[in-house]
Amino acid sequence: MAQPVTVADVAYPNPTEVQGSKLVLNGAGVRYKAVFKVYTAGLYLEKKASTPQEVATLAGAKRLSVTMLRDIDSRELGKLFSRGMEDNLDKASFSKLIPGVLRMSQIFSEHKKLQAGDQFMIDWVPGTGTVLTVKGQPQGEPFKEPEFFHALMGIWLGQQPADWKLKDALLGKPA
């Protein structure tokens, strides 16, 4: 068993398990906004991948684990995620996902605030869909469409990622 990877005092176990599938930590890093550390993120896959295309084509379970490093209004985070998805999709693809985007925004707004140390996870579970877990609690029904998970991953791994250094870190590239 590999050692956990620590990023900004957040330990990412390696490996981890999602619905009975053993996943390895592909990479982890910090999301910066200006000079502020906002959150850490770790990407787990069944096997290592170094490009967004490889991540997308892996058939098994996947997880993006995010731990907040500062307090943030959850509604604002939901809006940023929606914008991040929209920035990495054409209009037609994004419009098909609007019901899921609205539901995701609602989930985050119900939490009011995410505080430093709070965690959420975005899991892709084959045959089930995207499972969103906030503060240890699964949030409603899974998002069934694989396109929704891929659009969410676009926030971090797309052509216009939220943070280029975080994208490289998640893809296991050295800093």
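Annotations
- Rounded accessible area of Thr128 (nearest 10 Å², 1.4 Å probe): 50
- Cα lying deepest toward the dipole's positive end in the chain, options Ala28, Thr16, Gly100, charges on Cβ: Ala28
- Cα centre as origin, Lys/Arg/Asp/Glu Cβ charges: segment 1-124 dipole, Debye: 140
- Of Lys22, Lys37, the order by accessible heavy-atom surface (1.4 Å probe, DNA, RNA and ligands excluded), from most exposed downward, is Lys22, Lys37.
- Once both labels are positioned 7 Å from their Cα atoms along Cα-to-Cβ, the gap between Glu147 and Gln160 label points is 1.9 nm.
- Per residue, the chain reaches -10500 deg cm²/dmol at 222 nm when only DSSP H runs of four or more residues are counted, each adding -39500 (n - 2.57).
- Within the shell of other residues whose beta carbon sits under 12 angstrom from the beta carbon of Ile122, the net charge comes to +1, with Lys and Arg scored +1 and Asp and Glu -1.
- For the chain, averaging the sequence separation of C-alpha pairs within contact (under 8 Å, six or more residues apart) and dividing by the residue count gives a relative contact order of 23 percent.
- Potential lengthening between Lys22 and Ser50 on full extension [0.36 nm per residue; Cα-Cα distance subtracted]: 8.2 nm
- Diffusion constant of the chain at 20 °C, which comes from Stokes-Einstein with the Kirkwood Cα-pair radius and 1.002 mPa s, µm²/s: 133
- Computed label-point distance, nm, for sites Ala92 and Ser109 using a 7 Å Cα→Cβ extension: 3.0
- Inter-part distance where segment 29-64 and segment 90-126 are each reduced to a Cα centre, Å: 16
- Taking a ≥ b ≥ c as the square roots of the eigenvalues of the alpha-carbon gyration tensor, segment 102-170 is classed oblate because a/c is 1.5 or more while a/b is no larger than b/c.
- Cα-derived Rg over Rh, computed across segment 1-77 with Rh taken as Kirkwood radius: 1.00
The values are calculated or read from the model by the stated rules, or taken from the named source; none is laboratory data. From a predicted model like this one, the values you see are computed outputs, not experimental measurements. Glycine also receives a Cβ, built like all others from the backbone with ideal geometry; neighbour counts cover every protein chain displayed. Heads up: the accessible areas ignore ligands, DNA and RNA and are worked out on the full protein's heavy atoms, side chains in. Shrake-Rupley method; radii C 1.70, N 1.55, O 1.52, S 1.80 Å.
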